[in-house]
Structures are given as structure tokens and as C-alpha cells.
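Below you'll find the structure, written out as C-alpha cells, and then a few comments.
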Amino acid sequence: MWDWARDLLPEHLWIAAVVRHFGKQHAHQYYYRFMDAIDEVWPEKDSVPLGLITDFGLLPENSREQLWKHHEAALVECFHKPIGRILTLYPGNPAAWLVREDLVEAGGHVDPDTELGSLRHLVNELYPRRGEYASTVQSLSFGRLLKHGKIQFGGPVADLIPLLEKYPVGCTDEERMKVESMTRSLMSGMYMREDRYRSREWPKYFWRHNLGLAVCKPMSIAVGASASFSLEAAERLQQILQRNARRARQYLDRLSLQAKCDLYSPERDEVLFGLFARLTRLYILLMEDPNLWPRDIAGVLLRCLADTAITFTYLVKCGRDEDFELFRKYGEGQEKLLMLHLRDSYPGEKSLDARDAKAMEDQLGWFAPELMDIELGHWAKKDARKLAQMAEMEKYYRLVYTPMSSELHGTWMSLKYSNLCCCSEVLHRFHRLPSYSEPPAFFEFIIAAQGMFEDCMRMGVTKLGYPSAEEQMEVLAWESGEAKPGSPSE
């Protein structure tokens, strides 16, 4: 597929320069004057030259000499004046033969900063494919196809012919937009059909050559959101969150003292206690430490929170005795797998918590590891999406678990928002650069964390007989760029 900015923008630089130099009302006169001259020596009778930079490289040497001999005034007026000095910065461009050294010298010393400034203006104007400038430029080359009978109109499309005859200055805004929309669509198909543009040699040269002409200008751009905030402006939010974290800690302490546990078969209660305690710890960590609020770190914690909340809710609503057994055996199987790796493949190494294979075997029980199965898939033999559906937690799966998996695994969605910044040099096509700048923090991350914790706490109270909270969490709201306590109705 053709990318407008990458593949086609460099091709349209001359036409854009003509529009800028002569103005939109008169540009077509100079464009057609020049292209009519090109028609006289165009070597490919089955195609039409459009004025794209690549077109000019297709003319043989003798044809170039003939053009300069018979149309020098048009070449100077229509090509050299609008863009000749800019193209001296690109000695390998296909239209280099149209830029004569004597004409350049007659105009004075070429100042790269001046010419690059003009070029930046052209590129900036052309960058939006659907913008007025790019549409005007494409409409001019579209007119060449009409003139040479390369486009046949029929049916409803025939109604556009009167509009094309008076475009651009004689059309209303609505008519102009109609013409430009059609030309963009038709020209896109034409570019892909033409073999002469398929190699993209000039666009590749243009963008790669720009790296040596202009230096990168790293610029961090925060993702737009009404509820993003700077850490410096988060003092009030932090106070609210610290109070909520204190309430969560107190609730967990109370649960550990008051919750009932089946001492004969504690497995079910222990699994649920462990999941709720993990959920609470992750929530408290995120609430109390602003260093964990930037997008990448908060995303990792939210992914873990969502995973735990989905598992907890699934087991509360749907868990059978064998599910709790599977959950425990899965964890023990993973521990056995680590023990085997240490024993068989890395006998001189220890685990990250400083245990060797013998110590792990002793803790598992000298005979127990031989009986343990190792499950390499999901503990429940279902994926997280299925668990979320059964637990009626699809909202958190779709809005938290899945998108925040990018932060956990470091996929492209995470890298582009958290580890890369844009180069603001338009001649570098806004490519990305490595950055150590702090990613933005978002209020919605905090809201999601508190929502998952409160949902699981209510689930414990209603389904498991956990004690009710003595103090309700402060509801968070956002107003005029800062957090404030909200009422439950908000």
C-alpha cells in the first residue's frame, strides 16, 4: 500500500512549489505550460507525465537537451524559480538536470538554512493528505489525465465534469471538496498501477538524505486526555489516595482476624485469601507511590491487578473444588519445573530467591515432586478472556487486561507511548527516537485500580461473608485539571 507522506509527498514537491510560488489561482497556467513542453519529448506513449519528480528522470539525454534548447524560458520560469535552489540540496534527485549550475550561481550563494526553511514549509503544507494544499496539488496532476483521455466518466461521475472545468477558483466550497475527494481516490489507484513509481527510489532517497541535512529534534508529546496530570500537580490526589490506601490496609488486617476458614480443608479459603491479599497489596502500592503512576509502570501493575481480579471473581462465582485444586497444583508444578531446570541444566545456580534444587525439593516434600504434574498452559485450561466472560468481568478484560498487556510485554503500543518520543523535524517525517523522559500519568489508571479493588471487596462481602468495610473509599472525581473527592452519585 502507498503511504502518502512516505511515498507520494516527495513526488509532489515540484507541483507544490509551483502552487506556492504562483498562487492557487494562477498555478495551473504555469503547471500546464511546463508539462505541455514535457509532452513533446515524453518517451512513453502509453502513459502521461504528471509532473512528479520521478517523471523527470525518465527523459533521455537528447530529449533533455532539446527541452533546454526550445523551452528554456519555460524551464527557468516554471521549474527553476519555484524549486531549483531547493533541489541543489539533493544532487541525486531525478530532476537534477533541470537545475543548471549557472542559474543557481546567478541567484547568489545557496544558503542551506534558507532553502531548508522553504522546503519545511512545503512539506508541512503537503503532509495532511486530505488537506487543502495536498488536494490542490493532486487535482492539478489529475487534470493531466483528463486532458489525455486516460479517465472515462460515466453515470453519476459524469456530473463532476462541469465542476472540474471551473475548479479551483470557480467552485463553491462544497463543489471544491467534492472534486478533491474524487481526485484523491482516483489518483491513489493510478499511482499503484504505474510501474514507474513502484520502486519508490526518489522517496527513499529524499527521506534518507534528509537525515544528513537536518538534525533530529526530540520532542515529548503527551497523549491527549482531559484527565492526564503532571506529578507536580498531583499533591491533592495523593492525599486522597493515601487515605484510601490506609482504609484498604485496615480492611485486610480486619479480614485476617475475622474471616472464617475451613481448617479441615483450607485450600479454597487460602487461595481466595491469597488472591484478595495480592489485589490489596498491588492497589496500595499504586495508591501510595506517585513514582508508580506513569503509564508504563502503572500499566504493568494494572495488568497484574486485572489478572488477579478476574481470577478472584471467577473462582468466587464459578469455582468448583477441583478448580481450587488445579490452581494450587499449577503453582506447585511451576515450582517443580524450576527445580528440574536447576538440577538438570544449571546445577551450580540458584533461584532468584536464593534456593538451590535440593532446598526446593525439600520444601516440596522429598517424594511429592515425583507425583506432581507440570501444566504448561493455563491453570484452568481456559484463557483469561473465557474466565472474564464467565466471571462477568469482560469490561476489565477489554479495557484493562488486554491493553495493559502491552506494558507488561513491551509490545509496540507500549514502546511508542512510553519509550519513544517524536522528532519534530518535519523533514524527518516525525520519526521516533529513544527517550528516557517520564511517560504521562493518567487519572483513569487510578480509577481503574480502585474500581477493581472495590468490586472484589464487595464480591467478598456478598458472596464469601467477608466483613463489611468500616470506612467507605473516597470516590474520585476530576475537575479543572485536579482530583477531588466525589460523592457516590458522581
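Largest first and in whole Å, the equivalent-ellipsoid semi-axes of the stretch 316-467 read 37, 28, 14, each the square root of five times a Cα gyration tensor eigenvalue. For the stretch 192-206, backbone phi angles converted through the Karplus equation (6.51, -1.76, 1.60; θ = phi - 60°) give residue-by-residue couplings of 5, 7, 7, 5, 5, 9, 5, 6, 6, 5, 5, x, 4, 4, 4 Hz, Gly and Pro being listed as x.
Cross-link list LYS350/LYS386; LYS329/LYS395; LYS45/LYS69; LYS45/LYS178: which exceed 25 angstrom alpha carbon to alpha carbon? Present the calculation step by step, with values, prior to reporting the outcome.
Working: LYS350/LYS386 36 Å; LYS329/LYS395 29 Å; LYS45/LYS69 22 Å; LYS45/LYS178 31 Å.
Flagged as over cut-off: LYS350/LYS386; LYS329/LYS395; LYS45/LYS178.
In the list (i) 19, 39, 30, 12, 0; (ii) 18, 33, 25, 21, 4, 0; (iii) 23, 53, 21, 2, 0, the label attached to P(r) over Cα pairs in 20 Å bins from 0, in percent as derived from the coordinates here is (ii). Close amide H contacts of CYS421 (hydrogens built in the peptide plane, cut-off under 5 Å, sequence separation of 5 or more or a different chain): LEU433, SER435.
When Rg and the Kirkwood radius Rh are both evaluated on Cα atoms of the stretch 251-397, their ratio Rg/Rh stands at 1.00. Reachable lysines from LYS217, Cα under 22 Å, same-chain residues fewer than 8 places away excluded? Cα-Cα hits under 22 Å: LYS204, LYS416. Spin-label model, ARG458/ALA277: points 7 Å from Cα along the beta carbon direction are separated by 2.6 nm. Run the reach check for LYS317 against aspartates and glutamates, Cα to Cα strictly under 12 Å, same-chain hits fewer than 8 apart removed. What comes back? Cross-link targets: GLU392.
Relative contact order of the chain, taken over Cα pairs closer than 8 Å and 6 or more residues apart, is 18 percent. With helices as the sole contributors, the chain gives -17500 deg cm²/dmol at 222 nm; each DSSP H run of n ≥ 4 counts as -39500 (n - 2.57), and the sum is divided by every residue.
When you restrict to C-alpha pairs under 8 Å that are six or more residues apart and normalise by the size of the stretch 271-407, the relative contact order lands at 35 percent.
Using the Karplus relation 6.51 cos²θ - 1.76 cosθ + 1.60 with θ = phi - 60°, the per-residue 3J(HN,Hα) values for the stretch 401-409 come to 4, 5, x, 6, 4, 5, 6, 5, 9 Hz, with x marking Gly and Pro.
Each residue of the stretch 317-332 was assigned a 3J(HN,Hα) from its phi angle through the Karplus curve 6.51 cos²θ - 1.76 cosθ + 1.60 (θ = phi - 60°); the sequence is 7, 10, x, 9, 4, 5, 5, 5, 5, 4, 4, 5, 5, 4, x, 5 Hz, with glycine and proline shown as x. The label-point distance for ILE374 and PHE430, in a model that sets each label 7 Å from Cα toward Cβ, rounds to 4.9 nm.
Between amide H atoms placed 1.01 Å from N, distances below 5 Å from LEU476 occur with GLY486, all of them 5 or more places distant or on a separate chain. Among 205-213, 298-306, sorting by the average number of other beta carbon atoms lying within 10 angstrom of each residue, highest first, gives 298-306, 205-213. Overall, the accessible surface of the chain at a probe of 1.4 angstrom is composed of carbon and sulfur to the extent of 52 percent.
Provide the per residue accessible area, probe 1.4 Å, for the chain, rounded to a whole number of square angstrom. Don't skip to the end; give the middle numbers.
On the way: 25440 Å² over 490 residues.
Solvent-accessible surface per residue comes out at 52 Å².
The values are calculated or read from the model by the stated rules, or taken from the named source; none is laboratory data. Keep in mind it's a predicted model, so treat the numbers as computed, not measured. Please note: Cβ atoms are built from the backbone with ideal geometry, for glycine as well, and neighbour counts cover all protein chains shown. All accessible areas refer to the heavy atoms of the entire protein, side chains included, with ligands and DNA or RNA removed. Shrake-Rupley method; radii C 1.70, N 1.55, O 1.52, S 1.80 Å.
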